[in-house]
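The values are calculated or read from the model by the stated rules, or taken from the named source; none is laboratory data. What you see is a predicted model; the values in this text were computed from it and never measured. In this analysis, Cβ positions are derived from the backbone assuming ideal geometry, glycine residues included, and neighbour counts consider all displayed protein chains. Note: accessible area is taken over every heavy atom of the protein model, side chains too, but ligands, DNA and RNA are not part of it. Shrake-Rupley method; radii C 1.70, N 1.55, O 1.52, S 1.80 Å.
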Amino acid sequence: MGRTYLVEEGIGQYLTELSTKVKPYVTGLLIGQFSPQRDYVIRAVRTPLKEQQQEESVGPPKLASLDEEWITTHASQVSRMLPGGLLVLGVFMIVTPELAKDSQNALRKLIFSVEKSLSKRRLWKPAEEEVSDRAALQICSATKKVVCRTYDVQDPKSSAKPADWKYQSALTASWVALGCTVNVNIHIPLLATSPNHDLEKNTKNGLNRWSKQIEDSVFLINGQVKDEDTELLEGQKKFRGNTQPSTQFSDVKVLTQLCQGANARSTATVQVCSGSINLRGAVKCRAYIHSNKPKVKEAIQALKRDIINTLSDRCEILFEDLILNEGPQKKNFEREYHVLPQRLFVPVAGSSVMLSDYKFGDEAAGEIQERFVEMLDQPVQAEDMHIAEDISTVDICPVADSPSDTQEAQLTKAVLLLKLQQNMGLVVAAAVAVLASIFSFNYFSD
């Protein structure tokens, strides 16, 4: 028996409208959530057209022009805009009757390419029992016939399996939301033995170690530790037949372990370092879970992944911005201070689920709106963008390379002054109640 996909009713209309624009095909992503019993598709998003595609004249129908790299890049960008619990479930393709025969092979290739691209970016590993099937949806532009199949992305030789595609109204009207704030203070040493300091690579290695701490953390849901196998909504009143968006919100506290378990063996290593990377701040995290008897385990897993993803994504965005604006030679910069982008949330019409994005301080609302249209094919009003975090900054004094005895004394004094300035800044910030999210990326070279 194949998998069942419950699909938001509005997606049917969206795909029908796209089918009228086929020249000769349209590709896109399916976004939603897996569950043991069934899967939920809450959005379909077409692949943005490249400039040359917009200017191309209509020629003979062919799938040879399918740009696999462009589609996988779009999937990576979209995955950053999804809160915990949501991910790319598969790929759709709307084709003319002439291409129907070849489109299934093209869809299969895209499924594996997209999953490979997304898995490279993840700092977490899928659970053994996790669903590994991905949807390949084919729609004929002439007959409107819908064919849904799945492929197991853990098996490169996987063959197509049939799946049910069922539309349902108000699918996400009463999904459960979980939110938390996680204080981050990550110190990543840079070894003196390294031939060069690739900051992006070192940062990812440091985040990998930090992500394991998050995985091992204790999560309090509304102040309680709950058994993972119990229902998340156990004891709560359910509202059946509700078609109006109504969010059931759970506040979560994350308790990270200060030491290893009693049975774990602890060792100390002394390493000579020539610098460090420091990430500090408070990240706002959010996850959504379906309302069909969700387990505590599913909810906590979704929130854990959002915590890990949001910090990793911000660092990726920062490095991309540095390379774009300052050139690739700036990738290994020295004595720099940067503020990571803020997170914002945007509501989805008719749904309790919100999508997210990131903005730098100098980005205008219009740029964010353009990105939502390009990546998610969704117009967004400026007043609907809810910035989750405030920004506060601290000046960092540069440290000289290879200091002499006199320079070392000056360095010690500078560091003491820096600590004093930071403490003073914290006192002032607390006094005016504006201390919230501080994201900094510091590189010290001793």
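Listing for the model above:
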| read-out | value |
| --- | --- |
| Residue in the stretch 213-221 that is modelled with pLDDT under 90, under 27 Å from the mean Cα position of the chain (by Cα) and not aromatic (Phe, Trp, Tyr) present | no |
| Subset of the stretch 3-27 [in a helix (DSSP H, G or I) and within 21 Å of GLY350 (Cα to Cα)] | GLU9, GLY10, ILE11, GLY12, GLN13, TYR14, LEU15, THR16, GLU17, LEU18 |
| Filter pass, ARG149 being in a strand (DSSP E or B) and either open to solvent by 10 Å² or more (accessible area, probe 1.4 Å) or more than 20 Å from ASP39 (Cβ to Cβ) (or both) | yes |
| Count of residues meeting criterion [outside any helix (DSSP H, G or I) and either without any contact (Cβ under 8 Å) to a residue 40 or more places away in the chain or open to solvent by less than 30 Å² (accessible area, probe 1.4 Å) (or both)] in the stretch 354-372 | 10 |
| Search result, residues across the stretch 152-190 that are part of a strand (DSSP E or B), among the hydrophobic types (A, V, I, L, M, F, W, C) and under 30 Å from GLY223 (Cβ atoms) | VAL176, ALA177, LEU178, CYS180, VAL182, VAL184, ILE186 |
| All positions within the stretch 277-295 that are buried (at least 19 other Cβ atoms within 10 Å of the Cβ) and not in a strand (DSSP E or B) | HIS290, SER291, PRO294 |
| Residue match in the stretch 226-234 (condition: polar (S, T, N, Q) and either surrounded by 12 or more Cβ atoms within 10 Å (Cβ to Cβ) or modelled with pLDDT under 90 (or both)) | yes |
| All positions within the stretch 69-123 that are aromatic (Phe, Trp, Tyr) and assigned to a helix (DSSP H, G or I) | TRP70, PHE112 |
| Among residues of the stretch 105-132, those that are farther than 25 Å from LYS21 by Cα, under 20 Å from the mean Cα position of the chain (by Cα) and not polar (S, T, N, Q), counted | 14 |
| Considering residues of the stretch 235-256 that are open to solvent by 100 Å² or more (accessible area, probe 1.4 Å) and of a type outside the set (Phe, Trp, Tyr) only, the residue modelled with the lowest pLDDT | ARG240 |
| Single residue of the stretch 64-87 satisfying the filter (aliphatic (A, V, I, L, M) and open to solvent by less than 20 Å² (accessible area, probe 1.4 Å)) that is nearest to VAL131 (Cα to Cα) | LEU86 |
| Every residue from the stretch 133-145 that is surrounded by 15 or more Cβ atoms within 10 Å (Cβ to Cβ) and either aliphatic (A, V, I, L, M) or within 22 Å of the chain's Cα centre (by Cα) (or both) | ASP133, ARG134, ALA135, ALA136, LEU137, ILE139 |
| Condition met for LYS116 (over 25 Å from LYS204 (Cα atoms) and open to solvent by 60 Å² or more (accessible area, probe 1.4 Å)) | no |
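Okay, residues lined up against (1) open to solvent by less than 30 Å² (accessible area, probe 1.4 Å); (2) modelled with pLDDT under 95; (3) not charged (D, E, K, R):
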residue	(1), (2), (3)
VAL91	yes, no, yes
GLN104	yes, yes, yes
ALA127	yes, yes, yes
LYS157	no, yes, no
SER174	yes, yes, yes
